[in-house]
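First comes the structure, then the notes that go with it.
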Amino acid sequence: MSDTQLNLPERSALLALMTLTREVSNAGLADELGITIEKRARERLVDLGYIRAWQTGRYRAWMHELTDEGWRRCGEELGSPAPERASKPTRLQYALTRRFAAFMARSDLRVADIFALDDEPTVPAVDIIGRIRAAYAALAATPGSWVGLARLRHTVADIPRADLDATLLRLVLEREVRLNPEFDQKTLTEADRAAALRMGGTDVHLMSIGRP
């Protein structure tokens, strides 16, 4: 067990990255789990060697990923006792994760056995990016014009939605890629609404790659 104590934001950041099992931005964390990794927690976790963090894209968005040491620390954190004077919700969180850790110990399981394998994309990310770009090129009238996500999803319907959504959120960090909402909501069909992607607390319906 490590002697280094983590505060609740640091612990929550590690467990969130463990749960998602991939590199993820603060926008992605907020959309899927309702948290973000703030500067103080990010810098300490990087210094401890538990996560990698870097900025990317035209908005210089922060991306985060667990290191091997971070995965090991997550296993320890699952079985750690609640801090003194912890709030009731915090005590509940620790109680639940300790139960989980006890089950893993009895079953001779590691955190990677549960989290790292089950959520592996069924299609390699690089292949999905190529498929998205090819589908957009086929649908767009000109480079940079807007294409509805409903049409895009229909073109690559064989890609699981979770894999496609995760790749779109990664792709939008590139300089020439944009995802926007349809500002005239009255024009949206049921298919458009069903195809929307949640990003930064907003549903987006349109994609653009390149500049007109």
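Quote the charge dipole size of the stretch 1-111 about the Cα centre in Debye, to the nearest 20; the model charges only the Cβ of Lys and Arg (+1) and of Asp and Glu (-1).
Numbers: 18 positive and 15 negative charges, 56 e Å.
For the stretch 1-111, the charge dipole is close to 280 debye.
Explain nothing, just the number: dipole magnitude of the chain about its Cα centre with +1 on each Lys and Arg Cβ and -1 on each Asp and Glu Cβ, in debye rounded to the nearest 20. Walk me through the numbers before you get to the answer.
Details: 30 positive and 30 negative charges, 100 e Å.
Using only the charged Cβ atoms, the result is roughly 480 debye.
What stretch of the chain, leaving out the sites themselves, is the longest with no trypsin sites (Lys or Arg not before Pro) in a DSSP loop having at most 10 other Cβ atoms within 10 Å? Before the final figure, lay out each step's value.
On the way: sites that count: R60, R85, R175.
By the stated rule (loop sites, at most 10 other Cβ atoms within 10 Å), 86-174.
For the chain, which span is the longest to avoid every loop-located (per DSSP) member of GluC sites (Glu not before Pro) having at most 13 other Cβ atoms inside 10 Å? Show your work: numbers first, answer last.
On the way: sites that count: E38, E84, E174, E176.
The reported range is 85-173.
How do D165, D158, D127 stack up against each other in accessible area, from largest to smallest, with a 1.4 angstrom probe? Kindly include the intermediate steps, with their values, before the conclusion.
Working: D165 30, D158 105, D127 80 Å².
Ranking D165, D158, D127 by accessible area, largest first, yields D158, D127, D165.
Using +1 at the C-beta of Lys and Arg and -1 at the C-beta of Asp and Glu, which of T97, T19, T189 has the Cα lying farthest in the positive direction of the dipole of the chain?
T189
The values are calculated or read from the model by the stated rules, or taken from the named source; none is laboratory data. Since we're looking at a predicted model, the values are computed, not measured. Cβ coordinates were reconstructed from backbone atoms using ideal geometry, including for glycine residues, and neighbour counts include every protein chain displayed. For accessibility, only protein heavy atoms count, side chains too; no ligands or nucleic acids. Shrake-Rupley method; radii C 1.70, N 1.55, O 1.52, S 1.80 Å.
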